[in-house]
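K.L.:
Got a structure here, written out as structure tokens. Questions coming.
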Number of protein chains: 2
Amino acid sequence: MKSRPVQRFSRARIQIITMDIEQFRMRGKEMVEYICEFMSNIHNRRVTPDVGPGYLRPLLPSEAPQEPESWEDIMRDVESKIMPGVSEKNNHSSFPKKKTIDRYLQITHWQHPRFHAYFPAGNSFPSILGDMLSDAIGCIGFSWAASPACTELETIVCDWFGKAIGLPTDFLYFNPGSKGGGVIQGSASECILVCMLAARAQAIARLKESPAHAHLDETALLGKLMAYCSRESHSCVEKDAMICFVKLRILEPDDKSVLRGETLRQAIEADAAEGYIPFFVSTTLGTTACCSFDNLREIGPVCKKYSGVWLHVDAAYAGNSFICPELKYLMAGIEHADSFNTNTNKFLLTNFDCSCLWVRDRFKLTGALVVDPLYLQHTHADTAIDYRHWSIPLSRRFRSLKLWFVMRSYGISGLQAYIRNHVQLAKRFEALVRKDARFELCNEVVLGLVCFRAKGTDKLNQKLLSTINDSGKLHMVPARVNQRFTIRFALAAPNATASDVG
Amino acid sequence: MKSRPVQRFSRARIQIITMDIEQFRMRGKEMVEYICEFMSNIHNRRVTPDVGPGYLRPLLPSEAPQEPESWEDIMRDVESKIMPGVSEKNNHSSFPKKKTIDRYLQITHWQHPRFHAYFPAGNSFPSILGDMLSDAIGCIGFSWAASPACTELETIVCDWFGKAIGLPTDFLYFNPGSKGGGVIQGSASECILVCMLAARAQAIARLKESPAHAHLDETALLGKLMAYCSRESHSCVEKDAMICFVKLRILEPDDKSVLRGETLRQAIEADAAEGYIPFFVSTTLGTTACCSFDNLREIGPVCKKYSGVWLHVDAAYAGNSFICPELKYLMAGIEHADSFNTNTNKFLLTNFDCSCLWVRDRFKLTGALVVDPLYLQHTHADTAIDYRHWSIPLSRRFRSLKLWFVMRSYGISGLQAYIRNHVQLAKRFEALVRKDARFELCNEVVLGLVCFRAKGTDKLNQKLLSTINDSGKLHMVPARVNQRFTIRFALAAPNATASDVG
């Protein structure tokens, strides 16, 4: 031991004034009451807030407080300064008005019964309770050893859910000889990204071994890789391809917004003839614009034929619905897939974030993402899952708790009833559109999304949508379907009723 | 309107049996009580659980229940089946025993007063309350329009925090002429990844304009890029470089684990001489292994000299401490940085995930990540922040709420007291090591991390660490410091006291 002088420090314990357990007991229960009140009266708030960019800045101090503030002051600000930007009570007028009218997307109350924009943001009481417990446990599950329960429950719940929606058993972890398994990611973007990274690593490793390409360095091989998706794929595929630095060919779907096998085949053959190496196809079951379904039965064999093309299926919204036997036909061809994701935080009552991803071969996934310093190594690494090798971030919350709570509280039957209610209400809205000669339907209504437009110009429809959104009573967003401006009506509220649909 | 037959559907509303508001009022309060009980008695649980891989599988059904289960049943399973994997009550023996002894990392109670592994996992009651509210609001803030409050509070709170730790004003959003701003990401891995992506895009754009490189395609240019970090950088830098498909030169720090400017200069010049293009340097303030600080005052000018080299500063743990005036010297040279991240979920009492990232030029960041389909466009896009262009995922939770609650509940003074308490206790432990002739100190104790070892072989120290961890009473992890096996003692519990340090 070196004889450096010991650094002096005060022995007096520093006092931190903060909320203790007894105060949390009180404030926690008050927060439960606040949430109950909020949920009870949400229908009395505007679905879209009446504020413009920068509204909050003048309402808050420009610096953090030096001394602790009282909980009452904080919650008062929540109600008066935050909630107007989240959802404003009707006839509220004491806040800065927006200067320009936001024609399409000035929202937000995502949990409002008349919120029909985007896709639903999952939410339920069992899920909120799961997150409360996850926060209290406060573990960071980057490896099995860092939190065994966090890792193991995630694996088990992914198996539960994979079975419930009818994934091929190859995708399950607890299946003799299986190399598959599921993981919870933060978003569909990340699910597709890690699969694209795995496919990229596989493709390059394969090319390096082929005599025709062995003379090229890895970057030169990268320049030859070509990924594919449909024009109807979510924009995150494009972002993921930018990140992976691979070329992406965006294919035209058919007139029902469905990507067909023949289109893919022609593109792959043309690209291969020019020296490109097709390596990844991202398909969608339930597209964002109009909830169309790419034809996996046709696409799968094309991917198989050009061996080594990884087939990913993004079913962020629709995948949850496969929990209903009568909707499983929508995933026909899934046996061809290498990976599949669906977001329970979209259409299965679970709070964001909870994107479930399954892969047929987990070693291909982790092979692309393993980095292993000493402080993260542990002796069970050979026999246990370390989820940090399955995703971009190393650290992760105990997200499986909320999904476990949701699956158990609702039961499969309750989740099926939730999905069926949305489907039924969408059919009801579809029927209203069909009955009204002023409107036309723009998609095949299969789940909870109806795309429609007024017969007439795009401009007329833009005006119609603005009028709807400016009312503050309803909220929808547009999409381009078959080159035309279309209005999307998505069922969102967990307990939507016929009266919410009109 | 086409005259297709209207599809039939039943008008009877589907009944979903689930937790309603009144039940949540009860269960939510029970959960608050459960959390209070858990926090009150955490010291009575083992800090490391006594289970092996696969412990949970035989305890749970292999499929999700068909019918809803009662809340009592669910919580009974939480206590008997999940908590043993999280932290086991002492003398609990009814669960499967691990077969092999996990020598280093069999844990977990991250919030236990004698958990001294990794770095702390931030946790506090105001933070938990913020997450409860965030879940109830249930918004998805991918664009300003999708949730104005979610976006604006995040910008404001990042400014608050940036000011509090003394970042250069260029990094703040609300600063005349500023192009900077802050954002909350899911992890330090993602913070570094998005900065590396921005630097990559910048570098390639610049090269394409240079006469010397204009003949090369983008992939060929990519092959020339070189990033740098220290051997002491977090492993995520290596992972991020794999994702970005760029070469990474890992530099040797000096004998105090500090990356020096001269080392970087030599490496950059040698690489440039070979035709590589240096484009990104990731430095660390507060390394994972031993909490050393790279020398930004030396490194900054080197990056400046080779124009276009993006300097990132990863201060995931230590950055939070700069909230104390007496610790701000640790960030000397920060004026050279292009980007900076610190994780309040590590060392500022905020629940994971809450990694704050600031950039000097937000347009360089978003330029590398923008993808913009119609359904996400809105008319305020020119004047408002759309955080989806700042990160990998598009969707995001209302994470700023918890940080806002923490900053207001504690006040700057309370947060300073929290940091100072950890520093003081680490100094106390350091003094104990120094007093004991059997041990030697292996790092300079500046914040809450003490690295030490028994005088003797690595093997002796491995045995010592196993003995500590096998006791179930304390938990620490190893690190390699100056090529030697070292034991890390990290302060973690929010309200640690002298008696926890010994």
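K.L.:
Counting only C-alpha contacts under 8 Å and six or more residues apart, can you give the relative contact order of chain B as a whole percent?
P.N.:
Relative contact order here is 21 percent.
K.L.:
In addition: First check a/c for the protein assembly as shown, with a ≥ b ≥ c the square roots of the eigenvalues of its C-alpha gyration tensor; if it is under 1.5, answer rounded, and if not, answer prolate when a/b is larger than b/c or oblate otherwise.
P.N.:
Cα axes put the protein assembly as shown in the rounded bin.
K.L.:
For B:SER257, what is the net charge nearby, where nearby means another residue's Cβ is under 12 Å from its Cβ and Lys, Arg count +1, Asp, Glu -1?
P.N.:
For residues surrounding B:SER257, the net value is -1.
K.L.:
Another one. What is the local net charge at B:VAL246, summed over the other residues whose Cβ is closer than 10 Å to its Cβ (Lys, Arg +1; Asp, Glu -1)?
P.N.:
+2
K.L.:
Need one number: nm distance between label points at A:HIS43 and A:SER413, each 7 Å from Cα along Cα→Cβ, rounded to one decimal.
P.N.:
2.7 nm
K.L.:
Something else now. Going 7 Å from Cα along the Cα-Cβ axis for the label, what nanometre distances separate A:GLU33 from the same residue across the other copies?
P.N.:
1.7
K.L.:
For peptide B:384-394, how many partner chain Cβ atoms fall within 10 Å of a residue's Cβ, on average?
P.N.:
So the per-residue partner count for this stretch is 4.
K.L.:
List every residue whose amide H lies under 5 Å from the amide H of A:SER230, counting only residues 5 or more places away in sequence or on a different chain, with H placed 1.01 Å from N in the peptide plane.
P.N.:
Amide H to amide H, under 5 Å and 5 or more residues apart or across chains, A:SER230 pairs with A:LEU251.
K.L.:
Provide the packing ranking of B:137-147, B:423-433, i.e. peptides ordered by the mean count of other C-beta atoms within 10 Å per residue, highest first.
P.N.:
B:137-147, B:423-433
K.L.:
Which percentage, to the nearest 5, of the DSSP beta bridges contained in the stretch A:132-406 is antiparallel?
P.N.:
Of all bridge pairs located within the stretch A:132-406, approximately 40 percent are antiparallel.
K.L.:
From the label point of B:GLY308, set 7 Å from Cα along Cα→Cβ, how far away are the matching label points in the other copies, in nm, ordered shortest to longest?
P.N.:
From this label point to the equivalent ones elsewhere in the assembly: 3.3 nm.
K.L.:
Restricting the count to DSSP beta bridges whose residues both fall in the stretch B:308-439, what percent are antiparallel, rounded to a multiple of 5?
P.N.:
If we restrict to bridges inside the stretch B:308-439, about 60 percent are antiparallel.
K.L.:
Okay, moving on. Using the Cα centre as the reference, give the magnitude of the dipole from point charges on the C-beta atoms of the stretch A:132-406 (Lys, Arg: +1; Asp, Glu: -1; all else neutral), rounded to the nearest 20 debye.
P.N.:
Around 140 debye, computed over the stretch A:132-406.
K.L.:
Here's another thing I want to ask about it. If I stretch the segment between B:ASN482 and B:SER62 completely, what's the gain in nm (0.36 nm per residue apart, minus their alpha carbon distance), one decimal?
P.N.:
So the extension gain works out to 146.4 nm.
K.L.:
For the stretch A:415-501, with the dipole built from +1 on Lys and Arg beta-carbon atoms and -1 on Asp and Glu ones, taken about the Cα centre, which of A:VAL477, A:VAL501, A:PHE452 lies farthest toward the positive end?
P.N.:
It is A:PHE452, whose Cα lies furthest towards the positive end.
K.L.:
Shifting gears a bit: About the Cα centre, and with charges only on the beta carbon of Lys, Arg (+1) and Asp, Glu (-1), how big is the dipole of chain B? Nearest 20 debye, please.
P.N.:
680 debye
K.L.:
Assuming R0 = 51 Å, can you tell me the calculated FRET efficiency for the pair B:GLU33 and A:PHE363, based on Cβ-Cβ distance, to the nearest 0.05?
P.N.:
0.70
K.L.:
How many nm is it between the label spots at A:HIS215 and A:LYS435, if each spot is 7 Å from the Cα in line with the beta carbon?
P.N.:
The two pseudo-label positions are separated by 7.2 nm.
K.L.:
Now for a different question. Expressed in nm to one decimal, what extension gain is obtained for the pair B:SER178 and B:SER466 from 0.36 nm per residue of sequence separation less their Cα-Cα distance?
P.N.:
Contour length minus the Cα-Cα distance gives 98.5 nm.
K.L.:
Another question about this same structure. Residue-wise, which Karplus ³J(HN,Hα) couplings in Hz belong to the stretch A:58-75, taking 6.51 cos²θ - 1.76 cosθ + 1.60, θ = phi - 60°, and x for glycine or proline?
P.N.:
Listing the rounded values in order: x, 8, 10, x, 8, 9, 5, x, 6, 9, x, 9, 6, 4, 4, 4, 5, 5 Hz.
K.L.:
Averaged over its residues, how many other protein chain Cβ atoms are within 10 Å of peptide B:56-64's Cβ atoms?
P.N.:
Across the residues of B:56-64, the mean count of other-chain Cβ atoms within 10 Å is 6.
K.L.:
Let me ask something additional. Net charge near A:ILE192, counting Lys/Arg +1 and Asp/Glu -1 over other residues with Cβ under 13 Å of its Cβ?
P.N.:
Cβ neighbours under 13 Å give a net charge of -3.
K.L.:
Right, another one. What fraction of the DSSP beta bridges in chain A is antiparallel, stated in percent and rounded to the nearest 5?
P.N.:
55 percent
K.L.:
Counting partner chain Cβ atoms within 10 Å of every residue's Cβ in A:116-128, what's the average?
P.N.:
Other-chain Cβ atoms within 10 Å of each residue's Cβ, averaged: 5.
K.L.:
Given Cβ point charges of +1 (Lys, Arg) and -1 (Asp, Glu) and nothing else, what value in debye, to the nearest 20, does the dipole of the protein assembly as shown about its Cα centre take?
P.N.:
220 debye
K.L.:
A follow-up question, please. Per-residue ellipticity at 222 nm for chain B, helices alone: DSSP H runs ≥ 4 residues times -39500 (n - 2.57), over residue total, nearest 500 deg cm²/dmol?
P.N.:
It comes out at -11500 deg cm²/dmol, rounded to the nearest 500.
K.L.:
On a C-alpha basis, how far is the centre of the stretch A:428-448 from the centre of the stretch B:247-283 in Å? Whole number, if you could?
P.N.:
So the separation of the two Cα centres works out to 62 Å.
None of the figures in this text is laboratory data; all of them are computed from the coordinates on show. From a predicted model like this one, the values you see are computed outputs, not experimental measurements. Every residue, glycine among them, receives a Cβ derived from its backbone with ideal geometry; neighbour counts consider all protein chains shown.
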